[in-house]
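Scroll down for the structure; my scribbles are underneath it.
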Amino acid sequence: MSSSKKNEEANPKTNKKLFPPKLNRVQHIGIKVHNLDLAVEFYRDIMGMKISDKYEPGDNPHNPWGICFLRSGNLHHEISLIGYDKKENLKPNRIGIREPGVGLHHIAFEVDSKEEFESWISHLKENKIEFTAGPLVHSPTHPEGDGTLGENRALYFYDPSGNGIEIFCDMARINEEDNSIEEKWFRDRLQKDGYSRNSCNPSRPWIPGRSSMEGAIEKFGKK
């Protein structure tokens, strides 16, 4: 059944549609930062983003904050950096991505290939950016896998305000019919990584009521 057809069905208890209208994608994120100038410098000079528009706190008659809109492609922005007047004396977030807390965990930037990913490792090291995790492969079955999910090759670090940043490539493609990882994609990726196409199999698809990490502690140990 098509998604448009599903959207026409109603919940008999509430008489509301069972499914919301279709979304295209997650397109941009707004990040509160402790220092707008430092944040702009980081996302422009380290992350290579371009400024589309920028204004300082107090310039907008509707809001007290300043914003810098940044892009990596041709849309106006993918990142909105939101900064406040320096008199607020805001400090960086020091909770970190591994500690309990509420709010943003990390922002992920995709690169085209393993080769580009490795170029980013070199670029970040040259700029003395400390990694909080990785480089690693989020996979329970890939020969280099760390036991987690997604199949993507990833590394993590922080921006000047303490927001988590991920660089990744090779996110798993999903078969919409049964929620499984696409077989051809999985085997092509193994071959690109230098392994036999049949060296391992994709993880089983998630189903309601079962943890996707079932058996992982026994297999990989608890960190």
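The values are calculated or read from the model by the stated rules, or taken from the named source; none is laboratory data. Just so we're clear, the structure is a prediction, and the values are computed from it rather than from any experiment. No Cβ is skipped: glycine too gets one built from the backbone with ideal geometry, and neighbour counts run over all protein chains shown.
So, of the residues in the range 36-88 that are in a strand (DSSP E or B) and touching a residue at least 40 places away in the same chain (Cβ under 8 Å), which turns out to be nearest to the chain's Cα centre (by Cα)?
Narrowing the range 36-88 to residues in a strand (DSSP E or B): 50-55, 66-71, 79-83.
Of the ones still in play, those that are also touching a residue at least 40 places away in the same chain (Cβ under 8 Å) are 79-83.
Details: Ile79: 13, Ser80: 15, Leu81: 17, Ile82: 19, Gly83: 22 Å.
Within the range 36-88, the match that is nearest to the chain's Cα centre (by Cα) is Ile79.
As a summary of the residue check, Tyr195 satisfies the conditions (1) closer than 30 Å to Leu36 by Cβ; (2) in contact with a Pro (Cβ under 7 Å, 6 or more places away or on another chain) except for the one numbered (1). Looking at Leu124, Leu155, just one residue is under 30 Å from Arg173 (Cα atoms), modelled with pLDDT of 95 or more, in contact with a helix residue (DSSP H, G or I) (Cβ under 8 Å, 6 or more places away or on another chain) and part of a strand (DSSP E or B), and that residue is Leu155. If only residues of the range 141-164 that are in contact with a Leu (Cβ under 9 Å, 6 or more places away or on another chain) and among the aliphatic types (A, V, I, L, M) are counted, the one that is nearest to Val111 (Cα to Cα) is Ala154.
Whether a residue is in a loop (DSSP other than H, G, I, E, B), more than 18 Å from the chain's Cα centre (by Cα) and on the phi < 0 side of the Ramachandran plot was assessed, and Arg94 passes this test. Being in contact with a Pro (Cβ under 9 Å, 6 or more places away or on another chain), touching a residue at least 24 places away in the same chain (Cβ under 8 Å) and surrounded by 15 or more Cβ atoms within 10 Å (Cβ to Cβ), is that true of even one residue in the range 100-118? Among the residues of the range 100-118, at least one is in contact with a Pro (Cβ under 9 Å, 6 or more places away or on another chain), touching a residue at least 24 places away in the same chain (Cβ under 8 Å) and surrounded by 15 or more Cβ atoms within 10 Å (Cβ to Cβ), which makes the answer yes.
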